[in-house]
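Worksheet: one structure, shown below.
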Amino acid sequence: MKALVVDVDGTITLGDRSLDCRAVRALRSLSVPVVIATGNVLCSARTISKLVGTGGIVIAENGGVVECNKVEHNTAYMKECEDAFNFLNEHSGFDLEKLDPENRRTEICLRRNFDVEKAMQLLREHPGVEIVDTGFAVHIKSKMINKGTGLKRIAELMGLDAQDFVAIGDSHNDVEMLEVSGFGVAVGNAHHELKGIADMVTKGEHGAGVAEAIKYIKEKMMLR
Ligand SMILES: O=C(O)COP(=O)(O)O
Ligand SMILES: [Mg+2]
């Protein structure tokens, strides 16, 4: 393994989204590149990377935006997401609230205040998009874009392969990232779907899980 990619909400944060300093200490102990990968917008991902001290390479908007020296936005499917949102807004009776709409360019993010299962049913006529509930927000996103596609692009920009990465996450929106990585870790509080596809499930939750995984990986000489 030559690098590590790590999710934010629920992985390096506690359940209330406050930063878990156990994760910060563990990530800073690595001498390989660390990439932040999140469903949050680019400016949030940049700030998190700066404060955690991971050097600024980020995957934002669930893979819709990547930054490694230069920024790339994949806006090709945004209209499809907007059409799905408008359909849901007109036919669901939900009081939908967009999160960060002014800073989000490749997908739509909604407050978790509605019946996601019912929304998924209503959007079955929109086959190109999916609804992803991360436990912190609900994303209407293209099936063509995810943290896995984002990791493949970031790896290319870094002169690496996605298989060179250890990936650590907690939720549905981390599945593809763990699948394309060389070693996928689900923290102890992760959704069972992610635990089911992970190479390692930590006992520790949140930052304790990140620290446990990094300790294990170092012991196995998988990362320096
Ligand atoms: O944006 C979200 O819904 C959750 O963010 P995350 O991908 O950093 O966990
Ligand atoms: Mg998460």
> Condition test on ALA137, is it over 14 Å from the mean Cα position of the chain (by Cα) and small (Gly, Ala, Ser)?
Replying inline: no
> Quick one: would you say ILE168 is within 16 Å of ligand 2 (Cβ to nearest atom), assigned by the TED database to the domain that holds GLY15 and not charged (D, E, K, R)?
Replying inline: yes
> Considering only residues of region 1-21 that are away from ligand 2 (no atom under 12 Å from the Cβ) and farther than 21 Å from GLY184 by Cα, which is farthest from the chain's Cα centre (by Cα)?
Replying inline: CYS21
>> Quick check on my filter: what residues within region 126-139 are farther than 15 Å from ASN89 by Cβ, more than 16 Å from ligand 2 (Cβ to nearest atom) and surrounded by 15 or more Cβ atoms within 10 Å (Cβ to Cβ)?
In response: GLU130
>> Considering only region 162-173, I want to know if a residue exists there that is surrounded by fewer than 24 Cβ atoms within 10 Å (Cβ to Cβ), hydrophobic (A, V, I, L, M, F, W, C) and closer than 19 Å to ASN62 by Cα.
In response: yes
> Do any residues in region 208-221 that are modelled with pLDDT of 95 or more have Cβ atoms under 8 Å from those of residues that are surrounded by fewer than 16 Cβ atoms within 10 Å (Cβ to Cβ) and not in a helix (DSSP H, G or I), where the two are at least six apart or on different chains, and which pairs are they?
Replying inline: ALA208/GLY188; GLY209/GLY188; GLY209/LYS203; GLU212/LYS203; ILE214/SER29
> Got a number for residues in region 126-155 being part of a loop (DSSP other than H, G, I, E, B), within 15 Å of CYS81 (Cβ to Cβ) and of a type in the set (A, V, I, L, M, F, W, C)?
Replying inline: 3
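The values are calculated or read from the model by the stated rules, or taken from the named source; none is laboratory data. For clarity, every value in this text was computed on a predicted model and none was experimentally measured. Using ideal geometry, Cβ is built from the backbone for each residue, glycine included, and neighbour counts are taken over all protein chains shown.
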